[in-house]
Amino acid sequence: MKIFTTLLFSLIFLLATSSIATGQIVTTGIDDGSPGALRQVIANAAAGSEVIFATAVVAVELNAEIVIDKTITISGLPGLNLIIDGNNTGRIFNILGGEVVLNNLTLRNGIAANGTSGQDVSGMYTSNDYNLVASDDANAFTPAPNDQEGVAPNIGPLEDNGGFTDTHALRQGSPGVDGGDPTDTFNDQRDSSIVGRRDIGAYESEGVVGIQEIAQIVNSSVYPNPTRGQVTIDVIETIKGQISLQVIAVTGQIVQKSTLNPGTNNLDMSQLAPGMYQLQVSSAEGFSTLKLLINK
């Protein structure tokens, strides 16, 4: 079972929460057996309670799978999507019993019992909706009405896209774009605001901000965004002829020009001052305008 839990992962085994008691707060991201480690906090938590994380904890790296045999809720802070990393040593969670809820968590680098990378969670569970699941060959996932299952996520590598933790950028054509819960309006994991409707995952795509009256728009996307200077621009493969890029400052001055190719283009804009820029991608078939924020 391969689940792209690097996207927004809000899975519910059956809702069962209670007030948070002392000793149920994870205070370290190291799996060292200390009282504040995730493994020990889960072991000590009473059935039906909730485990949360201190604001200083943005990622947890495990030494082995965590076995859970009781009803419990494990919740990251809203908008942060805290990472729980299996470190390629085994499953992340092995659910033997109870009803378990996972909220606002990013699960990655889990390995199934047979040594096949990808199975992050063992046990049956039901979605809390608006998740993107590439493959569920173990038939453990029961999709909710707005889940997308069996589709390619079309995301970038786990990398620095701005913010305190690495994220996967949504690439052009990703089903995660505008696929999130429309009632969620909090900022993404990088603290970037929502553009239109919420996307699925920790990364909110800037999308194409273009003139839609043009019959043919050069479909393009830019990531990471915000960036520290290294930028990837994806241009639809079917575009023909020369493709030009102009980088325009808020003053209206053109500060950089480049020629692009269909597909993926990697550019260095580290020489530009921090601030908001407009990227105008154009060809004989039309153009699109993207926004790019440079942070240093």
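The values are calculated or read from the model by the stated rules, or taken from the named source; none is laboratory data. All of these numbers come straight from a predicted model, not from anything done at the bench. Every residue, glycine among them, receives a Cβ derived from its backbone with ideal geometry; neighbour counts consider all protein chains shown.
Below are the figures for this structure:
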{"item": "Residue check for residue 266: closer than 22 Å to residue 177 by Cα, in a loop (DSSP other than H, G, I, E, B) and polar (S, T, N, Q)", "result": "no"}
{"item": "Subset of the range 55-76 that is under 14 Å from residue 32 (Cβ atoms) and surrounded by fewer than 18 Cβ atoms within 10 Å (Cβ to Cβ) - its residue that is nearest to the chain's Cα centre (by Cα)", "result": "61"}
{"item": "Any hit, the range 255-270, residues being touching a residue at least 60 places away in the same chain (Cβ under 8 Å) and surrounded by 13 or more Cβ atoms within 10 Å (Cβ to Cβ)", "result": "no"}
{"item": "Verdict on residue 162 being modelled with pLDDT of 85 or more, under 30 Å from residue 55 (Cβ atoms), surrounded by 14 or more Cβ atoms within 10 Å (Cβ to Cβ) and of a type outside the set (Phe, Trp, Tyr)", "result": "no"}
{"item": "Every residue from the range 132-159 that is part of a strand (DSSP E or B) and at pLDDT 70 or above", "result": "132, 133, 142, 148, 149, 155, 156, 157, 158, 159"}
{"item": "When residues of the range 223-254 are limited to those that are surrounded by 13 or more Cβ atoms within 10 Å (Cβ to Cβ) and part of a loop (DSSP other than H, G, I, E, B), the one modelled with the lowest pLDDT", "result": "239"}
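Residues checked against (1) at pLDDT below 75; (2) under 18 Å from residue 76 (Cβ atoms):
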position	(1), (2)
169	no, no
174	no, no
180	no, yes
183	no, no
187	no, yes
193	no, no
197	no, no
208	yes, no
211	yes, no
